[in-house]
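Down below is the structure, laid out as structure tokens.
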Amino acid sequence: MIEKKILIDDRLPWPARKLQNVIQQALKVAPAQSARVIQDGSVRVNGYILRKPQYMLEIGDRVEVTYDAADWLPLPPAADTHQEMEVLFEDAYIAVVNKPPALLTVPTPYKERNTLIALLEKWMQREGTGKQAFCVHRLDRGVSGVLVFGKQLEIANALRDQFEKRKPQRRYLAIVGGHLAQQEGTFRTHLTTDKNLNRHSTEDPEEGELAITHFQVLETLENATFVSVQLETGRRNQIRVHFAEAGHPVLGDSRYGNPIYRDIWPHRRIALHAESLGFTHPVTNQSLEFKAPIPPEMQVLLRATNSNERSPSQNSPTRRQQRRQREE
């Protein structure tokens with residue numbers, strides 16, 4: 001882990017104060033890599049995460065970088081990412097996809113070319129099953145799992161209407177930091193966005209969007225918790241914000257997380273996976289449900305914890321037994 005703190009002073013000329021240039025010089029990396037470090041939320045300016053590589057710094061600005069070289073290896077080429085995209089279902093009207101992590105669902109204002117929707121459209125054109133896909137809902141870049149797309153705009157709008165009415169069943173799996181006080185519960189807040197595009201709960205319902213997240217503990221790990229999450233609403237960053245505000249951030253979340261959990265989650269992706277999606281087919285009215293298996297990074301952590309608890313030394317109780325003894 002590399003941590004750097006930079007104070008912008010008058011010795012740095014104006015053209016060199018562009019955030020991307022400052023990070024490039026501080027980390028001794030290529031321009032594209034410094035831009036990725038910024039866009040992935042590893043840079044703070046005056047205490048706030050800033051994701052704009054072209055931002056011009058002022059004298060007196062304090063820049064902090066938390067940088068792990070192992071996490072910023074080059075992304076795989078588009079061909080490799082395409083191979084990871086799994087089409088779970090397709091007909092003349094919809095396509096259901098298992099999204100890999102480290103891939104945007106749709107382009108941002110930066111007009112990225114390597115996105116899930118672009119890869120899906122290339123796949124459909126190659127297979128002769130369609131030419132265009134319309135986004136219905138999204139997953140954050142570091143999140144994997146099930147997404148549905150419409151093949152015509154009216155089909156996508158019909159699916160969006162189901163989401164607006166909270167009809168689809170959406171189940172996520174997550175590994176969050178620390179131990180939850182309750183085995184199950186519900187977060188119900190109103191989410192708003194600050195000037196840095198970060199989301200947070202507000203006490204004024206007129207300022208935010210209603211966000212409802214149900215959770216259930218599946219397994220308590222050594223310094224984390226494996227949870228099942230059911231979304232009633234689908235606001236941007238909803239799961240991540242709710243668990244972070246409760247003091248249990250999703251592992252790997254550079255925006256809302258806590259770096260103390262890097263030792264147990266060294267991966268670049270977020271420990272959040274959209275495991276299942278159920279909805280009504282907009283044309284046939286058939287009830288459909290699709291599932292994507294838990295990703296390997298999460299499997300490894302769960303297996304490692306379970307292996308430790310199944311293989312104690314001969315004279316030592318397991319961690320689970322120790323917790324039970326303390327409770328008694």
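The values are calculated or read from the model by the stated rules, or taken from the named source; none is laboratory data. Predicted, not measured: the structure shown is a model, and the values here were computed from it. Cβ sites come from the backbone with ideal geometry, for glycine too, and all protein chains shown count toward neighbours. Heads up: the accessible areas ignore ligands, DNA and RNA and are worked out on the full protein's heavy atoms, side chains in. Shrake-Rupley method; radii C 1.70, N 1.55, O 1.52, S 1.80 Å.
General observations
- Check on ILE212, among the hydrophobic types (A, V, I, L, M, F, W, C) and modelled with pLDDT under 95: no
- Residue within segment 251-267 that is of a type in the set (D, E, K, R), surrounded by fewer than 21 Cβ atoms within 10 Å (Cβ to Cβ) and at pLDDT below 85 present: yes
- First in segment 100-120 and within 22 Å of PRO295 (Cβ to Cβ) and in a helix (DSSP H, G or I), second anywhere and open to solvent by less than 20 Å² (accessible area, probe 1.4 Å) and not aliphatic (A, V, I, L, M), Cβ under 6 Å, 6 or more apart: LEU116/LYS99; LEU116/THR105
- Any chance GLN125 is of a type outside the set (Asp, Glu) and open to solvent by 80 Å² or more (accessible area, probe 1.4 Å): yes
- Taking the criterion of being at pLDDT 80 or above, within 22 Å of the chain's Cα centre (by Cα) and part of a loop (DSSP other than H, G, I, E, B), the only residue of segment 33-46 that qualifies is SER42.
- Selection from segment 33-62 of residues that are acidic (Asp, Glu) and open to solvent by 60 Å² or more (accessible area, probe 1.4 Å): GLU58
- Filter pass, ARG236 being buried (at least 21 other Cβ atoms within 10 Å of the Cβ) and charged (D, E, K, R): no
- Among the residues of segment 155-191, the ones that are part of a strand (DSSP E or B) and surrounded by fewer than 18 Cβ atoms within 10 Å (Cβ to Cβ) come to 6 in all.
- Count of segment 3-32 residues which are part of a helix (DSSP H, G or I) and crowded, with 16+ Cβ neighbours inside 10 Å: 9
- For segment 273-312, a residue qualifies if it is modelled with pLDDT under 85 and open to solvent by 70 Å² or more (accessible area, probe 1.4 Å), and the qualifying residues are ARG303, ASN308, ARG310, SER311.
- First in segment 209-232 and farther than 15 Å from VAL250 by Cβ and among the acidic types (Asp, Glu), second anywhere and open to solvent by less than 10 Å² (accessible area, probe 1.4 Å) and part of a strand (DSSP E or B), Cβ under 9 Å, 6 or more apart: GLU209/LEU191; GLU219/THR225; GLU219/VAL227; GLU232/ALA211; GLU232/ILE212; GLU232/THR213
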